[in-house]
Each structure stands twice: as C-alpha cells, then as structure tokens.
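S.K.: Take this structure, written in structure tokens, and hold onto it; I'll ask about it next.
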Amino acid sequence: TTFNNDAWEGRLELPHVAVGVITGMIGVQVARSYFAAVGEEVVTPPSLTQSGAIFALEELKFGAHTTLQAGARLEAQQIKLGDVDPALPRPPGYAARSGQSKKLGGASVSLGVVVYPVKDWSIGASLASSERLPTAQELFANGPHGGTGAYEVGTSGLGPERSLGFDVSVRRRAGFVTGSVGAFVNRFRNYIFEQELPATAITAARNPDGLTPYRFVAADTRFVGGEAEFTFHLVETAHGRLHLELSADAVRAQQTRRYEPLPRI
C-alpha cells in the first residue's frame, strides 16, 4: 500500500503593543492536506481537508506575583472526498463514495492564572473550553488498517468533540531539582473513540484477514488524572551539562453514562 500525503500549513502571528499592563497577540492559521492511499489496505478514501482559524492570546500582569492569561480560537474545516489528484489511481470502492463533503466549525476559549508566591516557585491553574473537529479517518474510514491490526469503520455523522477541563500545577523553576506536579479533570461531550464491533459486522469478503472490526463512535466521557516531571541538574559547568529527567502520569477515563472504561487508554 502506498500512502500519499501532500500538505502545507501557514501561520501568522501579530504581537500588539502593550495596552497598559496587557500584552498579547492575534493570529491566523490556514492548512490544506490531500491524502490518498492506494493498494491492498485502503482505510480512508482520497480526501482533501482545508481549514482556517483565527486566534488571540492576551496576558495581564498584576505586579510581580500574578499573571492572568486568556486565549480564544475560532476554526472552520471542510473535508471533501474526491479524485483531487488525477495522477493517482482510484482505489476499489472509491467511485461510490466520491463527492461527499463535511463542513464543521469549532470554538475554544481558555483562562489561566499563574501566581509566584516565593522566589523560584509558581502555582498555576487554568480552565478551558475547547472543540476538536473530527478527522477524515474518523468520518470516512472503511477498510483494513494494518498498523493497528483492525478493520476501521468511520461515522460520517460525527460532530465536534467538546471538552471542559480544569488543571492545577505547582512548579519549581530553579535549584538542583526543578519540575512540576499537577492534576487535571476533563469532561467531554461527544468524545470520539474506536468501539469494537461483532466479528460478523464486516463480511469475510471485505475482511479476508479476519481483523477485529472497530467503529469510530462518540460518547460523553470524563478524564481524571495527574502528572509529574522532575529534572535533577547533576552537572552545570561552562563546558557541559548533565541532567537526569524523571516523569510519570496516570489517568482514569470512562464513559459518564455507562461508567465503562474507555478502550485503548
């Protein structure tokens, strides 16, 4: 199987002059990606994904000990199925699905605060509402995926994945040991994941290798967890540095209505 991916992305950031104690920037981002797979394992039909977004990030400082941060982003995306590149052959079953199109939009906002109670220490907290738009694979997949050993089936009716998350962390910024410890909780509406299907859901003719079938579905979920990372500055000289880094994290993710753990996490 040959995978062809031709993509470009552009991003422009425009910092603005300080307005009192407020600093920040606004920006735009555009992207275009054409993807096609040709061969024995074609999971997703040829697709053209185009997206554009505008965003802003502002920072407000209250003296030397408190910083308030706010961000916002608006995004639009369109995915088209079609023979965008005539130089590439059409995979089996392509003609039946060409011409489909999916347009979606999303908005994200965040608010955070960082406090510096004593020298070299900081405490941060943030609250964010975000939306992630589904990918072409999640929407239109229908074929064997050798990388995951699964027969994947998309769901064209999926909408934006919405989350509301809160996290808090404590960080040490200088000294022999630096790093941070934090905790988070995220509640999702329409969290997209792969759910196993009965083996008979896909006919043997379409799935000759007998791969386990999965469908991309959405459900309300909750993630609760924590993470920590530490750096031990063993050697700090003008000629070199030697650091030891340790990190760990844990998360519990489950569907909120059925209280079942999410798969593959």
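S.K.: In whole percent, how big is the carbon plus sulfur part of the accessible area of the chain, probe 1.4 Å, protein atoms only?
M.R.: On the way: 8990 of 15680 Å².
Percent of accessible area from carbon and sulfur atoms in the chain: 57.
S.K.: What list of ³J(HN,Hα) couplings, whole Hz, do you get for the range 133-141 from phi and the Karplus terms 6.51, -1.76, 1.60, once you set θ to phi - 60° and write x for glycine and proline?
M.R.: 8, x, 8, 4, 5, 5, 8, 10, 4
S.K.: Now for a separate question. How big is the dipole moment of the chain about its Cα centre under a simple scheme where the beta carbon of each Lys and Arg is +1, that of each Asp and Glu is -1, and everything else is neutral? Debye, nearest 20, please. Walk me through the intermediate numbers first.
M.R.: Details: 25 positive and 26 negative charges, 133 e Å.
Magnitude of the dipole: close to 640 debye.
S.K.: While we're here: Work out which chymotrypsin sites (Phe, Trp or Tyr not before Pro) in the chain are exposed loop sites (DSSP not H, G, I, E or B, at most 12 other Cβ within 10 Å) and give the longest gap free of them.
M.R.: Longest site-free region, per DSSP loop and neighbour criteria: 1-175.
S.K.: Taking a ≥ b ≥ c as the square roots of the Cα gyration tensor eigenvalues, with a/c under 1.5 meaning rounded and otherwise prolate when a/b beats b/c, else oblate, which class fits the chain?
M.R.: Working: a/c = 2.06, a/b = 1.71, b/c = 1.20.
Judged from the Cα gyration tensor, the chain comes out prolate (a/c at least 1.5, a/b above b/c).
S.K.: So which trypsin sites (Lys or Arg not before Pro) in the range 191-255 end up in coil per DSSP with only 15 or fewer other C-beta atoms within 10 Å?
M.R.: Working: sites: Arg206, Arg215, Arg222, Arg241, Arg252; in loops: Arg206.
Passing both the DSSP loop test and the Cβ count: Arg206.
S.K.: Still on this structure, please answer the following. Points 7 angstrom from Cα along the Cβ direction at Val115 and Leu74: gap in nanometres?
M.R.: It works out to 3.5 nm between the two label points.
S.K.: Summing +1 for each Lys or Arg and -1 for each Asp or Glu, what net charge is found among the other residues whose Cβ lies under 11 Å from the Cβ of Gly225? Don't jump to the answer; show the numbers that get you there.
M.R.: Details: positive: Arg222, Arg252; negative: Asp167, Glu227, Asp249.
Taking every Cβ under 11 Å from that of Gly225, the sum is -1.
S.K.: Calculate for the chain the 222 nm mean residue ellipticity that helices alone would give, adding -39,500 (n - 2.57) per DSSP H run of length 4 or more and normalising by residue count, nearest 500 deg cm²/dmol. Can you show the working numbers first?
M.R.: Working: 1 runs with 5 residues, N = 265.
Dividing the helical sum by the residues of the chain leaves -500 deg cm²/dmol.
S.K.: Continuing with the same structure: Mind giving me the FRET efficiency for Val251 and Thr148? R0 is 22 Å, r the Cβ-Cβ distance, nearest 0.05 is fine.
M.R.: 0.60
S.K.: What FRET efficiency comes out for the pair Gln100/Arg258, r = Cβ-Cβ distance, R0 = 35 Å, nearest 0.05? Don't skip to the answer; put the middle values down first.
M.R.: Details: r = 31 Å, r/R0 = 0.88.
After rounding, the FRET efficiency stands at 0.70.
S.K.: What accessible area per residue, rounded to a whole number of Å², is obtained for the chain using a probe radius of 1.4 Å? Present the calculation step by step, with values, prior to reporting the outcome.
M.R.: Numbers: 15680 Å² over 265 residues.
About 59 Å² of surface per residue is accessible.
S.K.: Please give the length that would be gained between Arg222 and Ala183 if that part of the chain were fully extended, namely 0.36 nm times their separation in residues minus their C-alpha to C-alpha distance (nm, one decimal).
M.R.: Extending this stretch completely gives an extra 12.7 nm.
S.K.: Something else now. If you stretched the chain out fully between Ala204 and Thr1, how much longer would it get, using 0.36 nm times the residue separation minus the C-alpha to C-alpha distance? Could the numbers behind the result be given before it?
M.R.: Numbers: separation 203, 0.36 × 203 = 73.08 nm, distance 2.02 nm.
Stretched out fully, the Ala204 to Thr1 stretch lengthens by 71.1 nm.
S.K.: Using a Förster distance of 41 angstrom, determine the FRET efficiency expected from the C-beta separation of Phe166 and Glu9, and round it to 0.05.
M.R.: Values: r = 30 Å, r/R0 = 0.73.
Using R0 = 41 Å, I get an efficiency of 0.85.
S.K.: Could you sort 110-118, 128-136 so that the peptide with the highest average Cβ count within 10 Å comes first and the rest follow in order?
M.R.: Values: 110-118: 14.1, 128-136: 19.2.
In descending order of packing, they fall as 128-136, 110-118.
S.K.: Another question, then. Averaging sequence separations of C-alpha pairs under 8 Å and six or more residues apart, then dividing by the length of the chain, give the relative contact order as a whole percent. Let's see the in-between values first.
M.R.: Working: 659 pairs, mean separation 31.1, N = 265.
Dividing the mean separation by the residue count of the chain yields 12 percent.
The values are calculated or read from the model by the stated rules, or taken from the named source; none is laboratory data. Values in this document were obtained by computation on a predicted structure and should not be read as measured data. Neighbour counts are summed over all protein chains in view; Cβ atoms, including those assigned to glycine, are modelled from backbone coordinates with ideal geometry. For the accessible areas, the whole protein counts, side chains as well, though only heavy atoms, and no ligand, DNA or RNA atoms are used. Shrake-Rupley method; radii C 1.70, N 1.55, O 1.52, S 1.80 Å.
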